[in-house]
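The values are calculated or read from the model by the stated rules, or taken from the named source; none is laboratory data. Remember, it's a predicted structure, so these values are computed and weren't measured experimentally. As a convention, Cβ positions derive from the backbone with ideal geometry for all residues, glycine included, and neighbour counts pool all protein chains shown. All accessible areas refer to the heavy atoms of the entire protein, side chains included, with ligands and DNA or RNA removed. Shrake-Rupley method; radii C 1.70, N 1.55, O 1.52, S 1.80 Å.
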Amino acid sequence: MRTIGHWIDGKPISGTSEATAPVTDPATGEVTAQVALADVADTRAAVDAATLAFAQWRDTSLTRRTQVLFRFRELLNERKVDLAAVITAEHGKVAADALGEVTRGLEVVEFACGIPHLLKGSATENASTDVDIHSIRQPLGPVAIIAPFNFPAMVPMWFFPLAIGAGNTVVLKPSEKDPSAALWLAQLWQEAGLPDGVFNVVQGDKVAVDELLDNPGIKAVSFVGSTAIAEYVYRRGTAAGKRVQALGGAKNHMVVLPDADLDSAADAAVNAGFGSAGERCMAISVVVAVGGVADDLVGRIAQRATTIVTGDGRSGADMGPLVTKAHRDRVVEYIDAGEAAGAKVVLDGRGLAVDGAPDGFWLGPTILDDVTPDMSVYTDEIFGPVLSVVRVETYEEAVSLINANRYGNGTAIFTNDGGAARRFHHEVEVGMVGINVPIPVPMAYFSFGGWKNSLFGDSHAHGTDGVHFFTRTKAVTTRWLDPSHGGLELGFPQNT
Ligand code: NAD
């Protein structure tokens with residue numbers, strides 16, 4: 001059986017730990033490889049390589065760093081279909097969706113190609129007589145990126161193009177469920193001319209994560225995953241004196257007002273609810289039907305959802321399997337619990353059989369109507385192809401429901417009323433808002449991040465937040481003229 005190892009100092013490394021975890025093809029259920037699980041020594045080797053490389057990389061000219069970024073961008077663009085295939089084989093998402101993931105990551109690389117401009121400081125002449133001040137942004141050092149399974153390429157790319165462009169070095173800890181995309185990216189960096197040790201990959205689980213959080217060599221941590229782990233990572237990393245941004249889970253609501261175009265709302269609910277089998281942090285998992293719109297809306301959503309073909313992501317299907325058998329079984333338990341609590345199963349994905357692949361981790365699109373906020377199918381992040389419909393009478397009830405929710409990643413409203421839309425984006429307590437757009441993922445030059453339990457820390461991902469996260473400011477005050485200025489004066493300077 002093939003073992004998937006680490007990438008440290010520009011080389012594939014198997015490491016000292018003998019612990020491994022199985023990697024499966026979710027469409028067949030077959031174990032395709034074992035992934036190495038780093039011990040403390042393996043993780044330290046990656047941090048040491050990143051520390052050594054930092055001394056030179058931070059002093060490499062911006063011109064040279066930018067040339068490497070541009071080359072990486074070109075290679076990634078040429079070979080993105082190959083990376084998408086690597087993702088589908090371990091994650092299960094369909095080929096077109098995997099390609100979409102790579103493309104969104106590529107956009108961050110393109111944004112980072114403008115790093116010389118993004119790093120420009122500011123200068124003030126004659127702040128005091130003959131005294132000038134300028135500020136610059138400098139890299140932090142080795143930084144860690146800890147990624148979730150659901151975007152094995154895009155999520156690391158939210159962070160590492162800017163981190164590397166700004167002069168930091170990186171240790172990436174991918175999800176143990178789909179570890180190969182990170183190694184593919186590491187090899188591409190090498191081909192693009194990135195010096196050894198600037199980008200390292202350490203495979204593993206909690207052992208590797210804890211060492212990255214505690215190791216004084218790591219200066220900042222970008223984490224994406226479930227809320228419980230995000231909070232843990234934030235607390236432990238900041239207690240160790242590090243800068244931490246920890247993006248957590250989500251429960252995204254889509255409000256449909258009575259004046260909305262119901263066909264486009266139904267299309268949006270289906271695309272955003274069942275795309276990537278609901279395994280997206282920006283997936284819509286709750287449709288909030290306002291006023292008398294529910295029966296008509298649910299009918300249109302169900303009619304569309306029944307046409308979705310679930311199958312192997314390499315076969316042209318619309319929706320793939322879930323990532324593991326354990327996760328599929330957990331999602332089924334939520335559907336069972338929702339039904340037992342009184343939700344009406346409008347479309348049932350349980351028991352779906354896919355021809356020729358009886359052991360795949362299948363679950364078809366599922367729609368639950370009459371869901372109430374006390375049901376676990378509503379309160380918990382399910383992360384599967386399950387759309388819950390909550391019926392409310394008024395716009396105010398819809399907003400109160402969203403604002404009372406512990407998560408605040410994304411939300412959307414469907415309406416033709418500009419005033420209602422404006423009011424919604426003004427008062428809703430969520431970090432990313434769509435107006436007639438179901439998955440409002442900001443472009444790379446804006447920042448990505450949620451509110452409440454969807455993000456711990458102060459900085460969102462990419463955009464100017466990302467540049468600031470991976471740099472620290474230095475302000476330099478200078479005087480060249482009149483060295484005798486003022487003579488001896490022990491008082492605090494009063495600028496003149
Ligand atoms: P997860 O929290 O299980 O794992 C995320 C990372 O943490 C992995 O690298 C994993 O190895 C590590 N990890 C797991 N348990 C740990 C522990 N006890 N101690 C230390 N590290 C641990 O998340 P997942 O299942 O891989 O990903 C899905 C979750 O990620 C969902 O909750 C989803 O909403 C969230 N997510 C959020 C965003 C966002 O932008 N907010 C984006 C993508 C995914």
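Observations on the model:
- Estimated dipole of segment 252-435 in Debye, rounded to 20 [Cβ of Lys and Arg +1, of Asp and Glu -1, Cα centre]: 420 debye
- Set of segment 196-212 residues, backbone N closer than 16 Å to the point 7 Å along the Cα-Cβ line of Thr3: 202-205
- The chain - accessible surface per residue (Å², probe 1.4 Å): 41 Å²
- Axis of helix 418-427 versus longest Cα principal axis of the chain: the two differ by about 60°, to the nearest ten degrees.
- The reciprocal of the average 1/r between distinct C-alpha atoms defines the Kirkwood hydrodynamic radius, which for segment 273-425 equals 16.2 Å.
- Cα gyration tensor shape for the chain, rounded if a/c is under 1.5, else prolate or oblate: oblate
- Packing rank of 82-88, 368-374, where each peptide gets the mean count of other beta carbons within 10 Å, highest leading: 82-88, 368-374
- Peptides 178-187, 330-339 ordered by average Cβ neighbours within 10 Å, highest first: 178-187, 330-339
- Gyration tensor (alpha-carbon) shape descriptor, segment 248-325, a/c threshold 1.5: oblate
- Summing charges over all other residues whose Cβ lies under 14 Å from the Cβ of Arg280, with Lys and Arg as +1 and Asp and Glu as -1, gives -1.
- Inter-part distance where segment 123-157 and segment 364-428 are each reduced to a Cα centre, Å: 36 Å
- For the chain, the dipole from Cβ point charges (+1 on Lys and Arg, -1 on Asp and Glu) about the Cα centre works out to 1320 debye, to the nearest 20.
- Taking label points 7 Å from Cα along the Cα-to-Cβ direction, Glu74 and Arg58 give a separation of 3.0 nm.
- Rel. contact order, % - alpha carbon contacts under 8 angstrom, at least six apart, the chain: 18 percent
- A viscosity of 1.567 mPa s and a temperature of 4 °C, combined with the Kirkwood radius over C-alpha pairs in the Stokes-Einstein formula, give segment 337-429 a diffusion coefficient of 84 µm²/s.
- Net charge dipole size for segment 233-316 [Lys, Arg +1 and Asp, Glu -1 on Cβ; Debye, nearest 20]: 920 debye
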